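The values are calculated or read from the model by the stated rules, or taken from the named source; none is laboratory data. Quick caveat: nothing in here was measured; it's all calculated off a predicted structure. Positions of Cβ are backbone-derived with ideal geometry, glycine not excepted, and every protein chain shown enters the neighbour counts.
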Amino acid sequence: MKQLHMLKIPVLMVSALALFGLSGAGAAQAEEKFITIGTGGQTGVYYVVGQSICRLVNRDASKHGIKCTAPSTGGSIANINAIRAGNMDMGVAQSDWQYHAYNGTSKFEDQGKYAGLRAVFSVHGEPFTVVARKDSGITKFADLKGKRVNVGNPGSGQRATMDVVLAAKGWTTADFALASELKSSEQAAALGDNKVDAIIFTVGHPNGSIQEATTVVDSVFVPVDGPEIAKLVKDNSYYAQAGIPGGMYNGSPSDTATFGVKATFVASDKVPDKVVYEVVRAVFDNFDRFKGLHPAFATLKPEEMIKDGLSAPLHPGALRYYKEHGWIK
């Protein structure tokens, strides 16, 4: 995390500032802290989450001295790895990959447990979404065999979750005629250009990329269910049955059954408590404004956000805010 050193102000200047009652303001602005939040592809909701948080934090930068940026990244696993390496301070990650990172399982088995990962809050639900070209003949998940499927870019939560689904079904990417690794921001165009038959996305709805895909080509939403998925949900607390509401997109007149995760906001334990406290305060002190920044945030409730999908311990800075408001005893 970048940090500017305290400005050295000559004694006479300090005296002059004090004389005119400006020493408080000068002290508040003397040191600035810069934080970076990892997000996802620019068409995804993770990018909106990070940008929205930074927007609210930066509104009061003159008071707390924290300045925030939220660049587009590869997604959940890339964000957690960047936080672990010290290249980012906070980030958005699927609840399943928060769990695996903290416990050193699945994709994080080789790296081992990331004991320094801290939960801050959860955000929206994210159904595992499969959209196929109508002319591909795909109507159920089993029909994906032998087809051209975008499985997602390495480092993204969507790719990692696709790998979990394939393993649960006893498949590999070799079962597809093509397993492309396009980023989420690229896959809608690929579907429309007939470069792939289907795309997958673990994402909150409504989503711009899915909207684009279903607008440019006749599409169908593919259910992701069956005994293997039911077992996956039963055996893992970070998964839940989910659905994509009918009528939200072209080609989706009825609800589509699937499963999903939560988007969560995480941080390193090395981020100072005061910084995390101010980030949390920026969101929850302006909660109605935050909820209005994306339709996927419309049903968010603080009492759910401080516990649902959180596997790592809460960051002390976040815990302080929640205790002050009586949300946690």
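Just a few scattered comments:
- Test result for Ser252, outside the structural domain of Ser219 (by TED's automatic domain parsing), surrounded by 14 or more Cβ atoms within 10 Å (Cβ to Cβ) and not basic (Lys, Arg): no
A quick yes/no check of all residues on (1) of a type outside the set (D, E, K, R); (2) within 15 Å of Gly44 (Cα to Cα):
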residue: Val120; (1), (2): yes, no
residue: Val123; (1), (2): yes, yes
residue: Thr129; (1), (2): yes, yes
residue: Arg133; (1), (2): no, no
residue: Ser136; (1), (2): yes, no
residue: Thr139; (1), (2): yes, no
residue: Thr172; (1), (2): yes, no
residue: Asp175; (1), (2): no, no
residue: Ala190; (1), (2): yes, no
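- Counting residues in segment 64-71 that are without any contact (Cβ under 8 Å) to a residue 60 or more places away in the chain and either aromatic (Phe, Trp, Tyr) or closer than 17 Å to Gly44 by Cβ (or both) gives one or more.
- Some residue of segment 131-140 being crowded, with 24+ Cβ neighbours inside 10 Å, in the same structural domain as Gln241 (by TED's automatic domain parsing) and either of a type in the set (A, V, I, L, M, F, W, C) or in contact with a Phe, Trp or Tyr (Cβ under 9 Å, 6 or more places away or on another chain) (or both): yes
- Within segment 274-329, helices (runs of 4 or more DSSP H) holding 2 or more residues that are assigned by TED's automatic domain parsing to the domain that holds Asp89 and buried (at least 18 other Cβ atoms within 10 Å of the Cβ): 316-324
- Filtered residues of segment 102-121 (kept if touching a Leu at 6+ places or on another chain (Cβ under 6 Å) and either in the same structural domain as Asn236 (by TED's automatic domain parsing) or under 20 Å from Pro154 (Cα atoms) (or both)): Tyr102
- When we screen Ala318, Ala282, Ala296, Ala312 for residues that are of a type outside the set (Val, Ile, Thr), at negative phi and in contact with a His (Cβ under 7 Å, 6 or more places away or on another chain), the only hit is Ala296.
- Met248 passes every criterion in (1) in contact (Cβ under 8 Å) with a residue 40 or more places away in the chain; (2) in contact with a helix residue (DSSP H, G or I) (Cβ under 6 Å, 6 or more places away or on another chain); (3) closer than 19 Å to Gly44 by Cβ; (4) not small (Gly, Ala, Ser) apart from (2).
- The residues on offer are Gln42, Gln94, and the sole one that is at pLDDT below 95, in contact with a helix residue (DSSP H, G or I) (Cβ under 7 Å, 6 or more places away or on another chain), surrounded by fewer than 20 Cβ atoms within 10 Å (Cβ to Cβ) and not hydroxyl-bearing (Ser, Thr, Tyr) is Gln42.
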